[in-house]
Structure formats: C-alpha cells, structure tokens
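**Q** Pasting a structure here, questions to come.
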Amino acid sequence: MDYSKDNNKIKLLLELKEYHQLNKCFQICNINELSDFEKKAFVETKAALLSVQEAYVFYHKFGLNDLDLRAKILYLTGSFIEARKLALSAKEYYLLSDIYLATNRFQEARDALKSEAINAKWYYYTGRCYRKEQDYPKAIFCFEKSCQLYLKNKDFIHTAVVLESLAGCFNASGNLKKANQCFDGLKINFRSDEWRNFPHFKARAFMGWAHYQQTSGHLDKALWSLARAQNLLKNSQDSSDFIRCQLLLGYTLKDLGLFDKAIKELSRITPNEKQQLVDKYRYLALVYSELGNTKDAEYFINSAWNSIDKNDHSGRLFLLTDHAEILFLSGKARAEKTQKEIEVFRKATKNSKTAKDKILEHYALSRLAWYTKDKTIANKCQKFHFEHHLYYEAYWDTLSLAHCHIVDKEFDIAKDVLNYSPEIYSPIQDAWKYFLLACISIKQKQDKEIFYLTKAFEKIKNRKTYILKYIIHKSLISLKENDKNILYNYKCLQETEANLTDFQKKQADTVLTDVGFEVSRILDLRADPQNVVVNLNNHVIYTGNKVVLRESKHPTTWRMLEILVHNRLRFLSKEELSKKIFFKNEYHPLYDDNRIYVTISRLKNILKSKESIECVRGQYRLAQDEKIVIVK
C-alpha cells in the first residue's frame, strides 16, 4: 500500500484515525521527499501515536508554521485549552468542535459548527455532538441526513462511517431492529477490497456490533465479533482500540459465565489511559462479585476509586453504584450510600443543562431501584427514559416497577404496568416480561403460567442467558409434571446449573422468592435417588429424575396408590380395595386376593421399599416413610 503520492487517501486515513497504517507508509518513504501536506500528515501521525516530542522535532525540522497543525498536536496530547485558542485563530471549526466535545462542552461544540457550510460533514459532526450528549433522537436525525447526502455523492467510505454511528445511536436508544439494519448495511459495505486499508475503523465497527449482540442476548456472537476485531488489531496491540477490545472481551466472558477466562483476559491488559485502568478494575470487581468473592470485588472497586479523576463525577457515580450493588448482593446492603452519592452528583452538575448528566443520574437511580425494590424511584426513572426516547432503559424500569408491585402483592397494577409498554426489541426483556406475567397468573389462579413460561423460554432458547434460563426451567418443573417435558426441563436445568456459580444460583432463587413463586420441593427431593416423589395432580411417580410410573400405562397400580394416599391414616380391608380398584360390587377372595397381592407387590417395587406399604391382619395402608413425598 503506497499512499505517499495520493493526498486524498492520506486525508481519508487521517479522518478515520488509521494512524498505524499511515505510520507503516511513512516508514518505507524518504521523509525528505515528502510534500508539505504529507509532512503535516507525518507530524500528526507521530503525535497521535504518543510520540509527542518526536512530532515537535519533525515539526521544527520541516520548518512548518501552521496553526491548525499545532492545534491538532495539542488536541491529540490532551492540552485542550491551548489547542482551543490555536484552532479558533486558525478558523478550524471542525477541530474546535472536537476539542469542545473532548471536554463535554456540547453547546459550544455545536456553536463552533455554525461557521461551517451545511453539508454531509456538518450533519455528521452535529450528530456526534448530540450522540456524545446522549440526545439520541436529534443525533439520529443528523446522521440520517448525513448518510443520505454521502450516498447521493456515492461516497461509500463516509457512508459506512455514518452508518456505524447511526447503529450505535439506535442500539443505545433501544431500537435494536434499526440497529441491526445499519449493521447489515455495514456488512455489505465491508465486502469491498478498499476496506482492507482501514483495519482500525473495521475493528471499531465490530466492537459496536458486539455491543449490539450483547444487548440482544447473543453473547456467543458478540464473542465472535470481538475476536474479529482483535484479529484486525493484532499488529497494533499498544493502541487504545486494541485495549478497548480486550476490555469488552473480558466483560463479555463475564456475561457468558466464563469467569476464569474473564479474569485472565482482564488481568493481562496494560492500559495506556487512566479511564482504561478504571474500567479494568471495575470489570474485575464485577467478575469477582458474580463469583460471590466480596473481598476481592471490594479491593478492585477501591483500586478503581483510587485511580479515577476526582472531578470525574459521572465515573464516581458508576463506581459507587457498582459498589453498592456488590454489597447489596452479598447481604451487606448499603443503598443509602449510593443515594448520597447521587445527591453529590446532582450538586456537582446543578448548573449543567446537558441531557448526558441527567441520563447518568437516572441510570444510577434505575439500578438502585432494581435491587432496593423502590417503586417511587423506578416510576421516576421510567418516566424520564420514556420522555428522552431511551426505550431500552425505560423497559428495564418497567420490569423493575412491575417486580416491585408483585413483591407488594399488587398484582393487577403489576399486570397493567407490563401490558402498557412500547414495542420491545430485546428478547431478554421480553422473556422477563413473560416470567413476571407467569408469577401474576399463579397468584391470581388464571392457569396461564405454563403458557407464559413457555413463551419466555422461546425468547431466550438460543441465547446464553443462564440465570434467566435457570429461573424459567426451575419454574416450569415445579408447575408441569405430566409428560416428557418435565424430563426435558430437568435436563436443561442441569445443563444451565453447570454454567452458574453457587452465588448466582442463590441470586436466581432470591428472585423466585421475592415474587412469591412457590417452587416445589420436587427439585431438591429428586436430587436424591432414594427419594420417591408422588405427584397426584399430574399422575406420575419419580425416583431421582426418572418417571417410574404413569397412570396412563399402569392404571390399576396408580388407583391402588391413589386410594392408599387418600386414606393414609387408616388401614383398608381387601374388600374395600377390591371395590375401589376393580370397580366390583361384590368381593370374591378366591379371585380378588391374588390381584390385590400382585398390585401391592408391584407398588412396593416402584416405591423402592418392602416396608412402604404396611399390612396388619389382611388390611393395608401406606407407611409414614420420609422418603415418600406426596405432592398434591
């Protein structure tokens, strides 16, 4: 790849921040033969790759005296105040907008663009301002306009750049269908050979794609996308993009339940920015909290706390929320500390009119509501997220609010909350909705719980959401004991349990207990192969996880068992058994006694004990055996 004589392609590489690709080009060039434009690109590349001193050496060696280049060097090295002054003097308004964005001054960033002509680039930069501010409806409008103009000019490279940003906005606002359409457009665009020269942009797109796949519950596909991104960045492992990819990979491994691999991946990261170090410690804390290791989780949260900038109010808020959640899950509830930190955040941002600060505040409140079951906070967050078109977050608030109402036994209100909701794009949220509806159905005796739980399972059948699958399978087993589905659900539950830690199982059981879901003792009893579980509702007997008797196959034996169970406290004569089991009006010892002996013998074998049925002077009753459990 030789771009040394193609200024347009060099300009494109600079716009897409492909500094490593440019550096490779300049390594094979004679720097004394570079044009003025190429010299500027060379200096900018050195500055971007953190070789600031080297960049200034070449800046003076080439005899350059451009204000815009000096402003760009200062911007790339984090000297924003001096960079802003020089960019204003050089009338580089797009650069000035970037500088304001880097310091979260969104209104000034948009104001800087007013001096530029309105075109595709203007809409793209304006959309970036709104996206950084998290005002997604306006960002989407600007990106769509930019995309239309670039397509009109048949500029497919810049169209892909805009599509990547547009997909991120749709994903963040919960419109997963639209996000998927954008990523499909990117996949088609990436088939062009021209994209081989832009590995960093492709990697960033794959990371965005992985985030979308995480949101939609396809964690295994997200892992594949991150592996593709890592492969694209393998020749620049010191870049920020590569480190960001490693962080996302560690987080995805955590969500998949691969905790040892997550710890290994996160531990080997060597961050080159302070925020990356904070994220590394934060993710490690979350992994250890999932393992129930509160000591190490708190250690890494404290390490993140010591690494974070004191003026980073949003970062501090994230850490406090994480810490409170870790303590709450471990039984050391400290929700009031998070509430105090939210008040500190409000005071720090009281003069701020940006949507971003308000969104961060409500994000923390939303998480707080979920584990404290506070209806007031959940309701407040739901209204805020709906008003700001953040439907993905709003629906988590809806689920949280319904959960609170179920805990308080306000089932009709919970049902109304769940039914009054926008179209859902996340299958995981959909599954939670059906699970909560099943809980309501049980309490209101509507007999729809099997239908709702089956629908919930269908939504996540091919997704690796183990905790939710564990909850659904455990619920289904306790409700439906009549056919082969019970064995299928029991097998699925065992497979799911293998991917969960004891701490996660405890969390899942807590969710079931909170909503008042009466999970039968069947699960525990069947774990012991010596136990015999008789389910009268569904006409089956289990030993371990096997069905050993069904009424449909052995009706006479089942009737014998049923009669003995219903008369468990008294002895029954052979005459009574004969009339009830064989439906005879008269008892004939010569014919009936042998049939009774055979049926009793078969039943004793099924119940795994000769003493399971007591016989005294020709009369029978079911023994009071702890190993025989009757489920009515």
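**Q** Across the stretch 259-285, which residue is farthest from Phe503 (Cα to Cα) among those that are of a type in the set (Ser, Thr, Tyr) and surrounded by 18 or more Cβ atoms within 10 Å (Cβ to Cβ)?
**A** Among residues in the stretch 259-285 that are of a type in the set (Ser, Thr, Tyr) and surrounded by 18 or more Cβ atoms within 10 Å (Cβ to Cβ), the one farthest from Phe503 (Cα to Cα) is Tyr281.
**Q** Can you name every residue in the stretch 584-612 that is among the hydrophobic types (A, V, I, L, M, F, W, C), within 59 Å of the chain's Cα centre (by Cα) and modelled with pLDDT under 85?
**A** Leu603, Ile606, Leu607
Results for (1) open to solvent by 20 Å² or more (accessible area, probe 1.4 Å); (2) among the hydroxyl-bearing types (Ser, Thr, Tyr); (3) over 23 Å from Leu13 (Cα atoms), shown as yes or no for each residue.
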{"site": "Tyr93", "(1), (2), (3)": "yes, yes, no"}
{"site": "Asp111", "(1), (2), (3)": "yes, no, yes"}
{"site": "Ser115", "(1), (2), (3)": "yes, yes, yes"}
{"site": "Ile140", "(1), (2), (3)": "yes, no, yes"}
{"site": "Ser146", "(1), (2), (3)": "no, yes, no"}
{"site": "Val162", "(1), (2), (3)": "no, no, no"}
{"site": "Leu166", "(1), (2), (3)": "no, no, no"}
{"site": "Phe190", "(1), (2), (3)": "yes, no, no"}
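**Q** Answer yes or no: is there a residue in the stretch 596-618 that is in contact (Cβ under 8 Å) with a residue 40 or more places away in the chain and among the acidic types (Asp, Glu).
**A** Looking for residues that are in contact (Cβ under 8 Å) with a residue 40 or more places away in the chain and among the acidic types (Asp, Glu), one finds at least one in the stretch 596-618, hence yes.
**Q** Give me the residue from the stretch 289-305 that is free of Cβ contacts under 8 Å to residues at least 40 places away in the same chain and open to solvent by less than 40 Å² (accessible area, probe 1.4 Å) and, out of that set, nearest to Arg244 (Cα to Cα).
**A** So, considering only residues that are free of Cβ contacts under 8 Å to residues at least 40 places away in the same chain and open to solvent by less than 40 Å² (accessible area, probe 1.4 Å), the one nearest to Arg244 (Cα to Cα) is Ala304.
**Q** Follow-up question, since we're still on this one. Can you tell me how many residues in the stretch 92-115 are assigned to a loop (DSSP other than H, G, I, E, B) and modelled with pLDDT of 90 or more?
**A** Kept after step one, since they are assigned to a loop (DSSP other than H, G, I, E, B), are these residues of the stretch 92-115: 92, 103-105.
Then keep just the ones that are modelled with pLDDT of 90 or more; that gives 92.
The total comes to 1.
**Q** Considering only the stretch 238-245, I want to know if a residue exists there that is open to solvent by less than 60 Å² (accessible area, probe 1.4 Å), among the hydroxyl-bearing types (Ser, Thr, Tyr) and more than 15 Å from the chain's Cα centre (by Cα). Can you show your working first?
**A** First pass over the stretch 238-245, keeping only residues open to solvent by less than 60 Å² (accessible area, probe 1.4 Å): 239-243, 245.
Applying the additional criterion that residues be among the hydroxyl-bearing types (Ser, Thr, Tyr) yields 239-240.
Among the residues that remain, those that are also more than 15 Å from the chain's Cα centre (by Cα) are: 239-240.
Yes: the stretch 238-245 contains one or more residues that are open to solvent by less than 60 Å² (accessible area, probe 1.4 Å), among the hydroxyl-bearing types (Ser, Thr, Tyr) and more than 15 Å from the chain's Cα centre (by Cα).
**Q** Which residue out of Ala431, Ala333, Ala364, Ala378 is closer than 19 Å to Thr510 by Cα and either modelled with pLDDT of 75 or more or part of a helix (DSSP H, G or I) (or both)?
**A** Just a single option satisfies the conditions, and that option is Ala431.
**Q** Let me ask another. Filter the stretch 24-45 down to the residues that are at pLDDT below 85, in a helix (DSSP H, G or I) and open to solvent by less than 40 Å² (accessible area, probe 1.4 Å) and list them by number.
**A** If the condition is that a residue be at pLDDT below 85, in a helix (DSSP H, G or I) and open to solvent by less than 40 Å² (accessible area, probe 1.4 Å), then Cys25, Phe26, Ile31 are the ones that fit.
**Q** Does the stretch 47-84 hold any residues that are part of a loop (DSSP other than H, G, I, E, B), open to solvent by 50 Å² or more (accessible area, probe 1.4 Å) and polar (S, T, N, Q), and which are they?
**A** Matches in the stretch 47-84: Asn65, Thr77.
**Q** Let me ask something additional. Pull up the stretch 564-592, narrow it to residues that are touching a helix residue (DSSP H, G or I) at 6+ places or on another chain (Cβ under 9 Å) and of a type in the set (A, V, I, L, M), then point me to the one that is nearest to Lys604 (Cα to Cα).
**A** It comes out as Leu564.
**Q** Please specify each residue of the stretch 120-179 satisfying the condition of being of a type in the set (Lys, Arg) and farther than 19 Å from Ala222 by Cα. Let's see the steps before the verdict.
**A** Pass one, the stretch 120-179, residues of a type in the set (Lys, Arg): 121, 128, 131-132, 138, 145, 152, 154, 177-178.
Selection gives Lys121, Arg128, Arg131, Lys132, Lys138, Lys145, Lys152, Lys154.
**Q** What tally of residues in the stretch 607-618 results from selecting those that are touching a helix residue (DSSP H, G or I) at 6+ places or on another chain (Cβ under 7 Å) and not in a loop (DSSP other than H, G, I, E, B)?
**A** Total meeting the criteria: 3.
**Q** Got at least one residue in the stretch 342-359 being at pLDDT 70 or above, assigned to a helix (DSSP H, G or I) and open to solvent by 50 Å² or more (accessible area, probe 1.4 Å)?
**A** yes
The values are calculated or read from the model by the stated rules, or taken from the named source; none is laboratory data. Here the structure is a predicted model, which is why all the values come from computation and not from measurement. Using ideal geometry, Cβ is built from the backbone for each residue, glycine included, and neighbour counts are taken over all protein chains shown. The accessibility values were calculated without ligands, DNA or RNA, using every heavy atom of the protein model including side chains. Shrake-Rupley method; radii C 1.70, N 1.55, O 1.52, S 1.80 Å.
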